[in-house]
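First comes the structure, then the notes that go with it.
The values are calculated or read from the model by the stated rules, or taken from the named source; none is laboratory data. All of these numbers come straight from a predicted model, not from anything done at the bench. Every residue, glycine among them, receives a Cβ derived from its backbone with ideal geometry; neighbour counts consider all protein chains shown. SASA here: full protein model, heavy atoms, side chains in, ligands and nucleic acids out. Shrake-Rupley method; radii C 1.70, N 1.55, O 1.52, S 1.80 Å.
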Amino acid sequence: HSPANQQRLAELVDFPVLPKKGKRSATELEREHDPRFIARRHQHSAVESAINALEAHGLDRCPDHGIEGFRRYVALAVVGRNVHRLGAILLAQAAEVERQRRRQRAA
């Protein structure tokens, strides 16, 4: 965090979420307690979690070169993660159907 970074970020996005380290002034405290700030700060945790999930599945290094290769690699990583999530959802649904069948047989 620095005042220069805050200014540059404010030029790029409408509501920058860059928490200040250390002692905060009253205006900084007010800004950091804004519900929009808090919600967006929590979204950052979700993004970090998604990045960790990608890295855990072998997508921690990009073997392709150049910006186009990087974009292609990121796109494939996102597709791969989505397929992984869809598979988990389908498995959970199948397990629920099986549980319901067992309950009906037992009754």
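Return yes when Gly80 is at positive phi, of a type outside the set (Asp, Glu) and open to solvent by less than 80 Å² (accessible area, probe 1.4 Å) and no when it is not.
Details: at positive phi: no; of a type outside the set (Asp, Glu): yes; open to solvent by less than 80 Å² (accessible area, probe 1.4 Å): yes.
So Gly80 fails the test.
Go through (1) modelled with pLDDT of 80 or more; (2) farther than 30 Å from Ala4 by Cβ; (3) open to solvent by 50 Å² or more (accessible area, probe 1.4 Å) and name the single condition Asp64 misses.
Single failed check for Asp64: (1).
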